[in-house]
Each structure stands twice: as C-alpha cells, then as structure tokens.
Amino acid sequence: MENSALNARPRQLALRHDWTTAEVATIFALPFNDLLYRAHRVHRAQFDPNRVQISSLKSVKTGACPEDCKYCPQSAHYDTGLEKEKLLSLDEVLEAAQAAQRAGASRFCMGAAWRGPRDRDLDEVIEMIHGVKALGLETCATLGLLTSTQAKRLKDAGLDYYNHNIDTSERFYGAIITTRTFEDRLETLRHVRAAGLKVCCGGIVGLGESHEDRAEMLRTLANLDEHPESVPINLLIPIPGTPLEANGPVDPLEFVRTIALARILMPRSVLRLSAGREAMSDEFQALCFFAGANSMFLGETLLTAKNPEPEDDRALFQRLGLEPLEGSGEPPPAP
Ligand code: SAM
Ligand code: DTB
Ligand code: SF4
C-alpha cells in the first residue's frame, strides 16, 4: 500500500564535517530503537527507503599482492590457497560486465590486487573503463594507491568512482596493515577527489577492532572535506590462512548499529552492505536496510570470496518489497 506521508521526502539535512569523538559516542550509545529510529528518519529524508543500488564486482587481477592486509585472501604474505591470475583481457572483462548488466547491476567495479598500478597497467585498465562505459554501466575501479597523475588519467578515461577504503580507525590501522600507513590511504583519497572522481570509501567490521574504533573510522569518513558518495561497510569474511582466520562472528546488532551511525553521520552518502552478506540471515540484512544501507553487490562472487546466489537476493528483495535503483543512487544536489 502506497503511503504518501511515509514516502514524502522531508527537508534536506545539513551535512557536517566537524563531528567530535564525544558527539559520535553519544549517538552510538543510544538505545537500539532510538538509534535505528533516528537513522531511518535521516535515511527516509534523503532516499526512497525501498530502493537499493546494485553494483557488481570483478577481480581483473587476482592474488600475489605485496601488501600484508591481515584480512585479505589476496595478500602474498599468507597462504590462502588462492589461484593467482594475471591482468584479465579486455574481452574477459567486457563479458563479465555484460553478464552483470543482464543480472541487473548499474555499476561495475574492477578490482586489482596491487599496492598501486604501474603506468602500463593503467593503460590496460583505461581500455577496460572505456569498454564498460560504452555498455552504459557506471564504472568503479579499486587498484590500490594512486599518484595524482594516475587519478587524473582515470578521470580523463571517464571513470566514475574510485574505491579506496580506510578499513578501520587510524589507531587500529597498524595492527591490520604494516606495508602502508593510514596517511598513505588518505593521500590517495585526496588525489582521487582533486581529480574530480567520485569517492567510494568505507571499511570492515570484525577485524578485532573495538566499538570506539568503529566510531572513529566513521568519524574520519564524515569529517573528510566531502563525504564519500559511496560508503561500503564490509563484515569480515574470515579467510583460512590469513591471520584473522579465527576471528569470531560480530554481534549482528552491533553491525546494524554501525550502519545506523554511518547513515546519521553521512546522510546523503549511498551506504553499501558489502562483503559478508553470505553469512547474514535475511532478518539481519533487513535490519541493515532499515538502518540506512541502500546498496549492495550482486553476483555469486565478490572479488574472490562468496556472495549470496543472485536468486537468493531476488527472493530477499521480494520478501522486503525492495527494488533495484537505476543510476548512482545519489540524491539530487542540495538546493
Ligand atoms: N587492492 C585494492 C585495495 O586494497 O584498495 C583493492 C582491492 S581490496 C580487496 C578492497 C577491499 O576489500 C579492502 O579494502 C577491504 O575493505 C575489502 N576486503 C578484502 N578482504 C576482505 C575480507 N576478507 N572480508 C571483508 N572485506 C574484505
Ligand atoms: C569493498 O569495500 N568491498 C569489496 C569492494 N569494496 C572492492 C571487496 C570485498 C572483498 C571481499 C573478499 C574477496 O572477495 O576477496
Ligand atoms: Fe592487496 Fe588490497 Fe588485499 Fe590489501 S586489501 S592485500 S592491498 S588486494
């Protein structure tokens, strides 16, 4: 039943970039119902709550990564049994993009297990971007650290989004990754923004971080000069062979709270319920969508790990009355 009062979009909310640790902690500590009510109101003020943006991932270069991210199946530092692959051919990538489009994705994200691309790698990725764009899909790439020149080349190639996660709080970062710093990550994000690309930046819950680390990660994102247009929140998929293989499950209600906090701090960003849905029940995901998540990855594989079967996602959409969103999912610019 259509309820116009419920679906009307109230006034635009002012965006803030000066959140203090104490303010964020107060919101995060609200009773569950109060936190979810507040987040859902913010969500409804900016978005159609029944529409979910759909992206699809393709690993265009798999494994043998020189970085030591403790969660990652693709790091060369750990034996995860993953088959490494060289950079895929243009045809292989375009075939995957067409399949993603047929399945209902509006954005195609190409991931490479590099510390950062060499210039000749970028030439090939740029051909992929041209080809995927020509299909009428939005494009996203996640290739590791970039120089400002590389970011500009990607922008000139027509790339829409660059994904580069901060993953966790600045304080906890060194416990998870030692081959680069939090500041290296922020520097690439500045290059991406300065080049005029849209920013996709989020993190992971379940690395062994504290409640406060989760709040700090989101505070860092919200206090960037501009909020990322897209914020992926991943639930750790514990990968055998990585140092985090035995990490215990995250309390689902704590994960939902993290989504709600992200929605409140970044009201106009599209929030993606990213890795880890395979381990979530429909009820868990439903709460995430209520708390403000409005994007997800469709397709049986993420980069290398399992994602829910597309039929199961279609059934989930039916159960929840959700529909795929055409386009980027971003609300129109504030007046
Ligand atoms: N190498 C590039 C980089 O690090 O930016 C791009 C690919 S990397 C796999 C993209 C993101 O995937 C990471 O930043 C992390 O947030 C997420 N990720 C990787 N392994 C994961 C896991 N086991 N569980 C959840 N998220 C994971
Ligand atoms: C993001 O935040 N999550 C995606 C995407 N951005 C690149 C990747 C998830 C990877 C999960 C582990 C794997 O598939 O290898
Ligand atoms: Fe390499 Fe990215 Fe995996 Fe880190 S997260 S090991 S940089 S592929």
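The values are calculated or read from the model by the stated rules, or taken from the named source; none is laboratory data. Every value quoted in this text rests on a predicted model; they were computed, and no experiment measured them. All Cβ positions, glycine included, derive from the backbone under ideal geometry; neighbour counts span all protein chains shown. Note: areas computed on protein heavy atoms with side chains; ligands, DNA, RNA excluded. Shrake-Rupley method; radii C 1.70, N 1.55, O 1.52, S 1.80 Å.
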Subject >> Unpaired by the 4.7 Å Cβ criterion, cysteines found in the chain >> reply: C65, C200, C201, C288
**OP:** Whole number in Å², please: accessible area per residue of the chain, 1.4 Å probe, ligands, DNA and RNA not counted.
**Re:** 44 Å²
Original post:
Calculated from DSSP H runs of 4 or more alone, at -39500 (n - 2.57) each and per residue, what is the 222 nm mean residue ellipticity of the chain, nearest 500?
Top reply: -12000 deg cm²/dmol
Original post:
To the nearest 20 debye, what is the magnitude of the charge dipole of the chain about its Cα centre, counting +1 on the Cβ of each Lys and Arg and -1 on the Cβ of each Asp and Glu?
Top reply: 820 debye
Original post:
What part of the accessible area of the chain, given as a whole %, is carbon or sulfur when the probe is 1.4 angstrom?
Top reply: 52 percent
Original post:
What is the chain's relative contact order, in percent, from Cα pairs under 8 angstrom and six or more apart in sequence?
Top reply: 24 percent
**OP:** Could you work out how far apart the two model spin labels at A29 and E183 are, taking each label as a point 7 Å from the Cα in the direction of the beta carbon, and quote it in nm?
**Re:** 3.2 nm
Original post:
Of G208, S230, A194, which is farthest on the positive side of the dipole of segment 120-230, counting Cα position, with +1 on Lys and Arg Cβ, -1 on Asp and Glu Cβ, and the Cα centre as origin?
Top reply: A194
Subject >> Summed residue charge, Cβ within 10 Å of E138's Cβ, Lys/Arg positive, Asp/Glu negative >> reply: +2
Original post:
If the cut-off is 17 Å between C-alpha atoms, which lysines fall inside it for K84, apart from same-chain ones fewer than 8 positions away?
Top reply: K58, K61, K306
**OP:** May I ask you to derive the relative contact order of segment 243-335, considering only C-alpha pairs under 8 Å and at least 6 residues apart, and to give it as an integer percent?
**Re:** 26 percent
Subject >> Label point 7 Å beyond Cα of E254 along Cβ direction - residues of segment 209-227 with amide nitrogen under 13 Å >> reply: 209-215
**OP:** Take the alpha carbon gyration tensor of segment 268-328, find the square roots of its eigenvalues, order them as a ≥ b ≥ c, and report rounded if a/c is under 1.5; if not, report prolate when a/b exceeds b/c, else oblate.
**Re:** rounded
**OP:** Note the full-extension length gain between A76 and E212 as 0.36 nm times their separation in residues minus their Cα-Cα distance, in nm to one decimal.
**Re:** 45.9 nm
Original post:
Relative to the Cα centre, what is the charge dipole magnitude of segment 159-308, using +1 at the beta carbon of each Lys and Arg, -1 at the beta carbon of each Asp and Glu, and rounding to the nearest 20 debye?
Top reply: 300 debye
Subject >> Net charge, F284 excluded, C-beta distance under 12 Å - Lys, Arg +1, Asp, Glu -1 >> reply: -4
Subject >> Lys/Arg +1, Asp/Glu -1 at C-beta; segment 22-61 dipole; positive extreme among N33, S56, A45 >> reply: S56
**OP:** Distance between Cα centroids, segment 96-121 to segment 58-73: provide it in whole Å.
**Re:** 15 Å
**OP:** Please label the shape of segment 215-335 as rounded, prolate or oblate, based on the square roots a ≥ b ≥ c of the eigenvalues of the alpha-carbon gyration tensor (a/c under 1.5 means rounded; beyond that, a/b larger than b/c means prolate, else oblate).
**Re:** oblate
Subject >> Net charge contributed by nearby residues that have their C-beta within less than 13 Å of S269 (K/R +1, D/E -1) >> reply: +2
**OP:** Run the quick spin-label model on E278 and K86: label points 7 Å from Cα toward the beta carbon, then report their separation in nm to one decimal.
**Re:** 2.8 nm
Original post:
Let a ≥ b ≥ c be the square roots of the eigenvalues of the Cα gyration tensor of the chain; is it rounded (a/c under 1.5), or, if not, prolate (a/b larger than b/c) or oblate?
Top reply: rounded
